[in-house]
Amino acid sequence: MRLVGHERQLYASEQGVDDQVVSLARVTRPAPHRLSALLVTVTAIGTAQLAAVPADAAGSAAHHPATASSTVRPTAETAETTPLRVSLESLTPGTIPHRGPVTLTGRVYNRSQETWSDLNVYLVTSQEPLRSRAELTDAAGSDAETEIGDRRTDEGLFARVGDLAPGSSVGYRLSVPRADLGISGRPGVYWVGVHVLGANADGRDLTADGRARTFMPLLPRPGTSAAALARTRLALLVPVKKPVQRGSAGRVVDTGSWSDTLAPDGRLDRLLSLTARARRPITMVVDPAVLDAVQSLGRGNPTADPAPGAGADPSGSPSEAPGRSPQGAGESPAAATSRPSVQASGGEADDTSAARTARRARSWLAEFRRQAPSHTIAAVPYGDLDVAAALGAGGMPSVHRLGARLSSEVLTGLGVRQDTPVVDPTTGYLPESALPRIDPSTPVVLRREAAPGSTGSAVRRSGGPTVVLTDSDAENGGPQPNSQFAALAVRQRLLSEAALHALSPDRSEPLVVSMPDYWNPGDAWGRSRFFGGLDTSWLTLVDLPSVAAGAVAPPPGATLSYPDSDRRDRLPQANLQATRSLVTTGSVFERLLTAPDPADQPLDRIAMLASSTPARTNPELAVELVDGTTAYVRAQMAQIRVEGPQFVMMSGQSGPIQVTLVNGLQQSVTVGVKVSTPGSAPGSVRIADVDPVTLGAGRRTSIRLQARSTDIGVHAVNLTPANVDGVPLGTSTQLSVRTSNVSTVIWVIMAVAGGLLFLAIAIRLLRRVRLRRATHGPRLIRERGA
């Protein structure tokens with residue numbers, strides 16, 4: 001579902017927070033004696049709720065990237081002003097039967113400061129049906145206090161629920177036979193609701209003190225030719241998404257919010273509890289980053305490799321989400337991407353909270369894995385990538401390819417079969433330039449307004465991906481004053497839209513409906529019989545691949561519509577660059593590890609979060625978090641270093657240099673040494689690189705470098721650790737080497753001196769021989785004797 005302006009109620013409490021904000025701007029037929037009660041209600045409830053409603057509940061849609069560009073239906077201008085709030089929790093059957101009763105159940109809440117007595121609950125129906133989907137859209141957006149029909153007031157047709165004190169509630173059950181519904185019987189969609197009337201201190205009148213309403217379709221009588229034609233198909237897409245953030249060391253942040261949403265009857269828990277009851281095909285549109293985060297929490301929320309020291313990253317400690325809405329509320333991307341607050345860890349309460357979160361995470365993930373084979377699993381690129389930014393003009397298609405690959409790897413690692421990858425932009429729009437960059441086998445889910453002129457539910461250009469078009473109106477939930485996206489309200493809207501579609505000439509095309517990205521089916525989901533109500537003879541549920549398989553060619557010259565507001569809202573280049581930077585750094589680090597797990601790429605996954613669609617609400621924070629991880633990894637790689645003397649003197653043309661290679665990490669690495677001599681003439685100093693060696697955690701080893709020189713002088717030598725691919729890790733050790741040719745000079749001098757010595761000896765011997773010959777030998781002796 002595409003989040004639009006009126007969907008701010010999605011983030012409001014399912015307990016009726018929005019319903020309790022009372023306005024005096026418009027009151028339907030107010031009786032003079034009720035004004036005092038309403039003034040008391042406004043003062044007490046309005047003040048309390050303005051203080052209690054969280055900031056993200058009120059403003060989440062306004063900050064959501066889809067808000068500005070989405071097509072919206074008319075919405076009510078005011079909240080309902082009645083002193084009693086009425087919920088509608090079950091409606092049996094989901095369509096008006098041709099015989100038998102229609103039964104409604106729910107609760108009546110006294111949100112005023114006075115006691116109401118003698119309360120009666122009456123059925124209200126419209127006499128004539130809505131006959132077109134345009135009429136249904138207008139009706140769904142009408143004011144909560146618009147009159148929809150007449151009450152069934154005959155004895156036996158209404159329910160007595162007695163008295164109700166301030167702040168109390170009471171359940172009701174109302175069952176009315178088909179013959180007493182007061183409808184014309186023409187096929188179409190009828191209003192069905194309840195009015196609650198009672199007495200207060202001022203007496204009793206005919207104005208409803210509380211009301212609820214919904215839609216209920218009526219199909220042609222079975223066995224007729226009209227009934228044989230009134231059949232259609234529905235493809236229901238249920239997103240499993242939640243904004244994910246991780247701290248610099250890879251821990252999931254805002255664990256308090258995750259614990260709440262995974263808790264029994266939390267939003268994600270409700271979602272799985274609901275889909276567990278589906279017996280016909282549905283498509284779960286999954287962000288594998290959510291599964292990844294849940295798995296991390298189930299393991300105690302550890303850091304990503306490399307493991308930091310104690311306290312290196314406090315982001316994983318239990319925390320409260322800023323402005324988190326009450327339990328049961330939908331989740332706001334704006335709140336989820338706020339700067340996370342952090343509580344001090346280490347106390348008993350924190351340990352208990354972490355253990356509780358881990359248990360909830362393991363239980364939820366086990367249930368998802370159990371259900372997965374029963375549903376069609378369609379995975380978006382990891383982290384719910386902002387595909388428009390990645391594949392639009394000036395984007396980075398490599399980021400999209402990485403996101404698709406990581407999603408597949410996460411599901412495979414969890415043993416979950418992925419039926420199909422999917423591109424499902426949250427806003428429902430995508431630039432035309434993005435389509436050629438998407439794999440033709442990957443369906444693209446867009447809202448119908450994104451492909452003007454297309455009549456089918458799925459279109460496909462030659463050589464391009466299939467574009468599946470969702471119905472924007474059917475995704476908008478039920479009418480006010482009830483929660484629009486409570487399970488029963490959504491079910492009845494789906495049935496009504498599908499019924500009118502089945503009665504139209506377009507019935508052969510399936511109706512594709514995507515639920516809200518952060519859908520909360522409400523606290524009464526179990527009583528709604530959501531999928532039971534959709535199980536009718538005239539409506540067939542199908543999955544996304546089935547719809548894509550029936551794609552037709554688009555109209556000639558058709559192009560995608562891409563609003564300027566969407567173009568402005570997509571992520572800036574800085575986010576994509578932050579992703580690419582961490583991916584590059586992570587690749588260097590992973591090639592440093594001696595035995596990396598090719599299926600475990602935590603740094604790539606963290607990198608993708610900078611380019612996720614929820615990051616649109618605060619792109620700077622997303623960049624800051626991912627850049628923090630990049631800096632953290634570089635700091636870890638800096639612990640691989642070379643230690644050696646600052647100065648080395650060589651007495652000849654060659655000689656050894658002794659250095660030490662140190663692994664400061666707590667895991668085994670395979671590392672070599674790159675040698676460079678900046679500022680030296682080519683070939684003047686030659687030192688060979690060191691081939692990679694394996695170093696255990698915290699180990700060091702001595703390395704002897706052999707240096708050769710052809711000149712005399714002082715040379716700067718940089719020694720940089722490198723991974724097995726020879727990519728430097730970034731931290732260099734510099735030493736100075738003094739080279740000379742002293743040994744050559746010494747040898748020349750020694751050679752010359754030796755030559756002179758031997759020459760002197762030879763000359764002396766020669767003179768002696770000549771003297772002997774001249775004196776005939778003995779004379780020489782006598783001369784010496786004389």
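The values are calculated or read from the model by the stated rules, or taken from the named source; none is laboratory data. Worth saying up front: this structure is predicted, and the values here are computed from it rather than measured. Because the Cβ atoms are built from the backbone with ideal geometry, glycine has one as well, and the counts that use them run over all protein chains shown. Accessible surface is based on the protein model in full, side chains and every heavy atom, while ligands, DNA and RNA are left aside. Shrake-Rupley method; radii C 1.70, N 1.55, O 1.52, S 1.80 Å.
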Check your understanding: How much of the accessible area of segment 572-648, in percent, comes from carbon and sulfur atoms when a 1.4 Å probe is used?
Key -> 54
Exercise for review: Just the Kirkwood number for segment 432-477, please: inverse of mean 1/r across all distinct Cα pairs, in Å, one decimal.
Suggested key: 11.2
Check your understanding: Rounded, prolate or oblate: which fits segment 78-153, taking a ≥ b ≥ c as square roots of the Cα gyration tensor eigenvalues, rounded meaning a/c under 1.5, else prolate when a/b beats b/c?
Key -> oblate
Exercise for review: Would you pull out the residues with amide H under 5 Å of D150's amide H, same chain only if 5 or more places away, H placed 1.01 Å from N?
Suggested key: T125, Q127
Point to revise | Rounded to the nearest 20 debye, dipole of segment 471-532 from Cβ charges on Lys, Arg, Asp, Glu | key: 360
**Study point:** Accessible surface, per residue, of segment 487-542 when the full set of protein chains is kept, probe 1.4 Å, Å²
**Key:** 25
Exercise for review: Amide H neighbours of S514 under 5 Å, at least 5 residues apart or on other chains, H built in the peptide plane: list them.
Suggested key: L237, D471
Check your understanding: Taking amide H positions as placed 1.01 Å from N in the peptide plane, with prolines and chain starts having none, which residues 5 or more places from V253, or on another chain, fall under 5 Å of its amide H?
Key -> Q245, R246, G247
Check your understanding: Tell me, what ³J(HN,Hα) does each residue in segment 369-376 have, in order and in whole Hz, if you take phi through Karplus 6.51 cos²θ - 1.76 cosθ + 1.60 with θ = phi - 60° and put x for Gly and Pro?
Key -> 5, 5, 6, 3, x, 8, 10, 8
**Study point:** Cα-based Rg and Dmax for segment 160-243, where Dmax is the largest Cα-Cα distance (Å)
**Key:** 19.8, 57
Point to revise | Karplus-derived HN-Hα couplings along segment 91-103 (A = 6.51, B = -1.76, C = 1.60, θ = phi - 60°), whole Hz, x at Gly and Pro | key: 8, 10, x, x, 10, 5, x, 8, 7, x, x, 10, 10
Exercise for review: Please identify every one of the trypsin sites (Lys or Arg not before Pro) in segment 425-518 that sits in a loop by DSSP and has no more than 16 other beta carbons within 10 Å of its own beta carbon.
Suggested key: R461
Check your understanding: Between segment 427-477 and segment 487-553, how many Å separate their Cα centres?
Key -> 18
**Study point:** Accessible-area composition of segment 152-201, carbon plus sulfur, in percent [1.4 Å probe]
**Key:** 44
Check your understanding: How many percent of all Cα-Cα pairs in segment 370-505 sit more than 19 Å apart?
Key -> 60
Point to revise | Residue-by-residue Karplus 3J(HN,Hα) for segment 178-183, coefficients 6.51, -1.76, 1.60, Hz, glycine and proline x | key: 3, 5, 9, 6, x, 10
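Note down the net charge around V737, summing +1 for each Lys or Arg and -1 for each Asp or Glu among other residues with Cβ under 12 Å from its Cβ.
Residues close to V737 contribute a combined charge of +2.
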Review point. Over the Cα atoms of segment 193-297, Rg to Rh with Kirkwood Rh, two decimal places?
Key: 1.21
Review point. So, in Å, what gap is there between the alpha-carbon centers of segment 151-204 and segment 660-676?
Key: 78
Review point. At a 1.4 Å probe radius, carbon and sulfur cover how many percent of the accessible area of segment 355-490?
Key: 51
Study note, to complete from the structure: If each part is reduced to its alpha-carbon centroid, segment 82-116 and segment 395-424 end up apart, in Å, by 44
Study note, to complete from the structure: Quick calc, segment 355-480, dipole around Cα centre from Cβ unit charges on Lys, Arg (+) and Asp, Glu (-), nearest 20 debye, gives 620
**Study point:** Protection proxy ranking, peptides 183-195, 244-256, 405-417, average beta carbon neighbours within 10 Å, highest first
**Key:** 244-256, 183-195, 405-417
Exercise for review: Give me the Kirkwood hydrodynamic radius of segment 556-651, using the inverse of the mean 1/r over all pairs of distinct Cα atoms, in Å to one decimal.
Suggested key: 16.2
